[in-house]
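Input: a single structure, listed below in structure tokens.
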Amino acid sequence: MSIYFKRLKFGFLCRLKFGFLCRFLCRVGKSFFAHQQLKKKVQKLPVSSIPLFEVSKIIFKCKRKTFIMMTRKTALSLLMGASFLMSGTATTVMAADGAALAKDKCESCHGENGNSEKKVPSIAGFSAPYFIQTMEDYTDGERTGEKFKTEGEDETDMNAIAKALSADDLKALGDYFAAQTFVPRIQEVDAALVKKGKRIFRKCKKCHTDEGANPEDDASILSGQFMPYLETQIKQFVSKDRKSHSRKMLKKLKKLDDEDISAVVNYLASPK
């Protein structure tokens, strides 16, 4: 179960340094996981020159109970990461740590720089907030990873891998993969299904922007992913085996039959 910060009190906010708080709020403002009331308030704020008192007051007055829908690890990592944005040297260190962690923990399955050549998703280019939230879903059991084994290593799954990573590790990996370039897979698709899938996917564009290729919507990169993976994930959402979804998305997915799902998968896998 995710642990939520139920209230951001005025006293708590005032203990934070201005730059620290400002960058945290900017990240929350962009975040897919932020409560809508908070999100609307934060998105109206300029990036700099905000009196700390005024920022605190705005948040505190937001119905006196502002929920940030992210787990404790996510919020903590964003807060910690804000301080690194103030220092170019510290940011360089974090990037180096992320590269080393990616090579050690992720590369054998997800490929060099996060571009997979196996039947697992490519994670290069994923936004840091989405990456961190996904890993926390594995940690909390909201998402179940399949057992797998790579040459020379013991059998494991994403749940075990995620649980072994600290909040600092997740922050470093999130920043590292966000800086990589996603390379779409070249796959054979059915032209008729692509056409049908394009029509169905119009209902998804509000959240999955740029035909599912934009990492900045914090809703993953779908376009160019491995087709069996896409199909499996959609069906897991429908069956509720994967729980990290919005009610709105589930309502739409439940209307799709197997051919509709195949059409959407073919469309997402097609060259754009």
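Read the figures in this text as sums done on the coordinates, not as results from a lab. Keep in mind it's a predicted model, so treat the numbers as computed, not measured. Here the Cβ is made from the backbone with ideal geometry for all residues, glycine too, and neighbour counts use every protein chain on show.
Observations, loosely collected:
- Over 30 Å between alpha carbons, listed pairs 119/205; 105/254; 103/198; 118/196; 105/252; 171/251: 105/254; 103/198; 105/252; 171/251
- Excluding same-chain neighbours fewer than eight residues apart, the aspartates and glutamates reachable from residue 235 by a Cα-Cα span under 15 Å are 146, 257, 258, 259, 260.
- Ranking of 123, 221, 234 by neighbouring Cβ atoms within 10 Å, starting from the fewest: 234, 221, 123.
- Counted charge near residue 243, where neighbours are those whose Cβ lies closer than 9 Å (Asp, Glu -1; Lys, Arg +1): 0
- Three principal axis lengths of segment 191-269 [C-alpha, angstrom, descending]: 31, 29, 21
- Using a cutoff of 8 angstrom between alpha carbon atoms and counting only pairs six or more residues apart, the relative contact order for segment 191-269 works out to 49 percent.
- A simple spin-label model places pseudo-atoms 7 Å from Cα toward Cβ; at residue 247 and residue 156 they are separated by 3.8 nm.
- Sorted by Cβ density within 10 Å, fewest first, the residues 256, 222: 256, 222
- Net charge of neighbours whose Cβ lies under 12 Å from the Cβ of residue 189, counting Lys and Arg as +1 and Asp and Glu as -1: +3
- Cβ crowding within 10 Å averaged over residues, with 189-195, 165-171, 124-130 ranked highest first: 124-130, 165-171, 189-195
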